[in-house]
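Reading through the structure tokens given below for one structure.
The values are calculated or read from the model by the stated rules, or taken from the named source; none is laboratory data. Only a predicted model underlies this, so the values are computations on that prediction, with no experimental measurement involved. We place every Cβ from the backbone using ideal geometry, glycine too, and count neighbours over all the protein chains shown.
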Amino acid sequence: MNILRNFIDIKGTQIHYRLCGSGHPILLLHMTPGSSMIYEESMKLLAASDYQVIAIDTPGYGDSDSIGENKTIEDYSEIIGEVIKALKLKKVHLAGLSTGSIIAVATAINYRDYIDKLILVEPGIFNTPDRQKRGYHGVKIELDKEGQYFVNRWKQISNGFGGNLTNDQAFVLFLDALRSHEHQHEAYQALIYYDLLNELSKISVPTLLISGGLSTRTEPMETFSQKINDSSIAIIENAANAPPLEQPQKFVETVLQWL
């Protein structure tokens, strides 16, 4: 199953996306930093079950243009909503991982007429006073001639996620982290000012919450599900904070069973 790559212009911003298969559309949003590349295996599996699968690079990440500094989660959700309309998608299943799950929530609220079902993978509470006070940049890029930054970043990623990533999976995240470079902090800065728990009650579509059995998240999924009227929880064993990348087969089986 071939994955096609393309760009679409949204208000002067070039948005890169991957496309695979045909059928009812499923739209996938990635973590930060990251890109649609983390979904390649999941896309092929979903497309084999007669879905049209679209994975978008969030503005400023992967191959998508940045929308600049001091943006909000609503700004990011507006881009996603406009992509849905520009691609002439009438109703989509929308899935997001980590930061992508927060953008997916805002999109489901602000563009509810376009959303069929919602899948939130590894959501979290990011708007803490500590993060707002110190700023939340992820890992700042501080290059040095000896390349120690690259060594340290590789060790952090390859040993992260509960130490569950293969080298190939870690390499995908490593490349995405490097590619985001000067834009790496932008979605983080939007993230820390979005009051997720206060917004969840506004979701009006069936919602599946997914977490990895080895997740390092501190909040139980019930923290989120109890605020959403029609919600379910699924746990993917032998996955930590990036189930679609770590366990694409199990991730897709979980999604398909729920849909």
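Scanning for something assigned to a strand (DSSP E or B), closer than 25 Å to residue 254 by Cβ and out of contact with any helix residue (DSSP H, G or I) (no Cβ under 8 Å at 6 or more places or on another chain), does the stretch 101-109 turn up at least one residue?
Checked against the condition, which is being assigned to a strand (DSSP E or B), closer than 25 Å to residue 254 by Cβ and out of contact with any helix residue (DSSP H, G or I) (no Cβ under 8 Å at 6 or more places or on another chain), the stretch 101-109 yields no hits at all.
Looking at 12, 34, 81, which one is touching a residue at least 60 places away in the same chain (Cβ under 8 Å) and not aliphatic (A, V, I, L, M)? Show your work before the answer.
Numbers: 12 fails: touching a residue at least 60 places away in the same chain (Cβ under 8 Å); 81 fails: touching a residue at least 60 places away in the same chain (Cβ under 8 Å).
Testing whether each residue is touching a residue at least 60 places away in the same chain (Cβ under 8 Å) and not aliphatic (A, V, I, L, M) leaves just 34.
If you go through the stretch 209-230 and keep only what is surrounded by 20 or more Cβ atoms within 10 Å (Cβ to Cβ), under 23 Å from residue 195 (Cβ atoms) and not aromatic (Phe, Trp, Tyr), you end up with 209, 210, 211, 215, 221, 228.
Annotation note: Cβ proximity below 8 Å between a residue of the stretch 128-139 that is at pLDDT below 80 and a residue that is surrounded by 13 or more Cβ atoms within 10 Å (Cβ to Cβ) and polar (S, T, N, Q) (sequence gap 6+ or interchain) occurs for 135/189; 136/189; 137/184; 137/189; 138/32; 138/184; 139/156; 139/184.
Can you confirm whether the stretch 113-120 contains a residue that is among the aromatic types (Phe, Trp, Tyr), modelled with pLDDT of 90 or more and in contact with a Gly (Cβ under 8 Å, 6 or more places away or on another chain)? Yes, some residue in the stretch 113-120 is among the aromatic types (Phe, Trp, Tyr), modelled with pLDDT of 90 or more and in contact with a Gly (Cβ under 8 Å, 6 or more places away or on another chain).
Pairing residues of the stretch 220-243 that are within 20 Å of residue 117 (Cα to Cα) with residues that are in a loop (DSSP other than H, G, I, E, B), at Cβ distances under 7 Å and at least 6 apart in sequence or on separate chains, gives 224/123; 228/203; 230/206; 233/221; 235/213; 236/213; 236/247.
You will find that of 194, 188, the residue that is hydroxyl-bearing (Ser, Thr, Tyr), closer than 21 Å to residue 76 by Cβ, under 18 Å from the mean Cα position of the chain (by Cα) and modelled with pLDDT of 90 or more is 194 and no other. Return the residue satisfying two criteria in turn: it lies in the stretch 236-253 and is at pLDDT 95 or above and over 17 Å from the mean Cα position of the chain (by Cα), and of such residues it is farthest from residue 53 (Cα to Cα). Once the filter is applied, the top-ranked residue is 250.
Tally the residues that are of a type in the set (A, V, I, L, M, F, W, C), over 11 Å from residue 119 (Cα atoms) and in contact with a Ser or Thr (Cβ under 7 Å, 6 or more places away or on another chain), restricting the search to the stretch 86-105. Residues meeting the conditions: 1.
Rundown of residues vs (1) buried (at least 20 other Cβ atoms within 10 Å of the Cβ); (2) more than 22 Å from residue 135 (Cα to Cα); (3) modelled with pLDDT under 95, yes/no style:
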{"residue": "41", "(1), (2), (3)": "no, yes, no"}
{"residue": "68", "(1), (2), (3)": "no, no, yes"}
{"residue": "79", "(1), (2), (3)": "yes, yes, no"}
{"residue": "86", "(1), (2), (3)": "no, yes, no"}
{"residue": "108", "(1), (2), (3)": "yes, yes, no"}
{"residue": "111", "(1), (2), (3)": "no, yes, no"}
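Among the numbered conditions (1) surrounded by 20 or more Cβ atoms within 10 Å (Cβ to Cβ); (2) at pLDDT below 95; (3) not polar (S, T, N, Q), the only one that residue 93 does not meet is (2).
Cβ-Cβ contacts under 8 Å between residues 6 or more apart (or on different chains), taken from a first residue in the stretch 182-205 that is within 23 Å of residue 232 (Cβ to Cβ) and free of Cβ contacts under 8 Å to residues at least 60 places away in the same chain to a second residue that is part of a loop (DSSP other than H, G, I, E, B) and among the aliphatic types (A, V, I, L, M), are listed as 201/228. Across the stretch 17-56, the number of residues qualifying as in a strand (DSSP E or B) and among the polar types (S, T, N, Q) comes to 1.
Exactly one residue among 251, 174 is in a helix (DSSP H, G or I), among the hydrophobic types (A, V, I, L, M, F, W, C), in contact with a strand residue (DSSP E or B) (Cβ under 8 Å, 6 or more places away or on another chain) and crowded, with 16+ Cβ neighbours inside 10 Å, and that residue is 251.
So, of the residues in the stretch 116-134 that are surrounded by fewer than 24 Cβ atoms within 10 Å (Cβ to Cβ) and touching a strand residue (DSSP E or B) at 6+ places or on another chain (Cβ under 9 Å), which turns out to be nearest to residue 217 (Cα to Cα)? Break it down stepwise before answering.
From the stretch 116-134, those surrounded by fewer than 24 Cβ atoms within 10 Å (Cβ to Cβ) are 116-117, 124-134; that's our starting set.
Checking the rest, the ones that are also touching a strand residue (DSSP E or B) at 6+ places or on another chain (Cβ under 9 Å) come to 116-117.
Working: 116: 27, 117: 24 Å.
Ranking the candidates gives 117 first.
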